[in-house]
1. Over region 153-222, calculate the relative contact order: mean separation of alpha carbon pairs under 8 Å at least 6 apart, over the residue count, as a percent.
2. What accessible area, in Å² to the nearest ten, does a 1.4 Å probe give for I40?
3. Ignoring ligands, DNA and RNA, how do E209, E41 rank by accessible area with a 1.4 Å probe, largest first?
4. What are the ³J(HN,Hα) values, in whole Hz, obtained from phi via the Karplus relation 6.51 cos²θ - 1.76 cosθ + 1.60 with θ = phi - 60°, for each residue of region 170-182 in sequence order, with x given for Gly and Pro?
5. Which lysines, on any chain, are close to K233 with Cα under 20 Å apart, when same-chain ones fewer than 8 places away are left out?
6. At K312 and K87, where each label point lies 7 Å from the Cα along Cα→Cβ, what is the point-to-point distance in nanometres?
7. Compare K106, K294 by solvent-accessible area with a 1.4 Å probe and give them largest first, with all protein chains kept in place.
8. I need the phi-derived Karplus couplings for region 226-242: 6.51 cos²θ - 1.76 cosθ + 1.60, θ = phi - 60°, integer Hz, Gly and Pro marked x.
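The values are calculated or read from the model by the stated rules, or taken from the named source; none is laboratory data. Here the structure is a predicted model, which means the values were calculated and not measured. Here the Cβ positions follow ideal geometry from the backbone for every residue, glycine too, while neighbour counts run over all protein chains shown. When the accessible area is computed, the model is the full protein with side chains, heavy atoms only, and any ligands, DNA or RNA have been set aside. Shrake-Rupley method; radii C 1.70, N 1.55, O 1.52, S 1.80 Å.
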Amino acid sequence: MKIYFPGIRCYNEIKLNTNENFFNCSKNVYFLIKIYNNYIEKIKFYPDSNCFFLKYIISKQIKLKPNNVFICNGSDEGLFFVFTLLKKYFLKTLKITYPFYKIYCKYNNIKFKTVKINKIFLLNNFVLTNPNSPTGAFFNCFKILKKNNKNKIIIIDEAYSDFSNYSFINNISINNNIIISKTFSKSFSIANIRIGFLVSNKFIIKKIENLKQCFNSYTVSSLNSYIAIECLKDKHYFYYSVQNNIYLKFLINNTLCCNFNFYGNFIFIKSNLNLFFFLLKKKVFIRKFVFSKKKYFRITIPNFIVLKKIIKIIKIWS
């Protein structure tokens, strides 16, 4: 079994190897935690297995019904349940994409093939990150969605879709098998809380819920659900955070050389081992990806102080 290795944890150095938002979460969360101190006895009770309130609020915002939504402990858990349901399917994925897809396939003995983007839409079942991770490339799937039918499985991971201001959630229908994965970790800045959700037709969602009940009925705590709800309520701060990330994209792209591209909340670098080891000497840890024997690097910027340091270090290197 192939094992997924997360970004190295470091405490006395600069950690830039995990996808975390540049901005903090909504201040509503701070007030919620203070209020929750008065209800600390609630911790002794099990949480709501179906996360009714969070599911209801999400369904209202995306203009679908609650039975189209599945709440999970981070979007990775939701994707794991989806791949577990697809053991008899043959999946396609991109050559350069989120490494977890291949690991999920191998863990569940799912046959899969990696292809180029211009070929993936010609095949029956595929999983796609849109915008792609770690490259940040955006894909227009209108043609394939029009041709989609009940015999095809389309999994679209929209972890970074909020930064592109586009989502395929409106294309969810009982006439297709589109499964969309969303997360609160990126645009809502609550990665530590581990909240994600899936959106699909009610039949697929019901199958995933049944699978979850056989695995663990209580994967999301009540406090985490309330925190996600408060973040959803603070729409003004959400748009502020997203728009400022877009502004940072232009700022960084204009400051650094053309080999650096800023997508959503991270910088993507194509094949440059010299920079990787240079940053390592400076005790700066970035993420390395290997696809088809080619190396790619991703830098996640946590705040303005670190941003200034990284720009200064990269300018010295270049």
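1. 27
2. 90
3. Of E209, E41, the descending order of accessible area is E41, E209.
4. Working through the residues one at a time gives 5, 8, 5, 7, 6, 8, 9, 10, 7, 10, 10, 9, 10 Hz.
5. Cross-link targets: K27, K34, K55, K60, K63, K65, K182, K186.
6. Placing both labels 7 Å beyond Cα along the Cβ direction yields 5.5 nm.
7. These residues rank, largest area first, as K294, K106.
8. Once θ is set to phi - 60°, the couplings for region 226-242 become 5, 5, 4, 4, 5, 5, 5, 5, 8, 5, 4, 5, 4, 5, 4, 5, 5 Hz.
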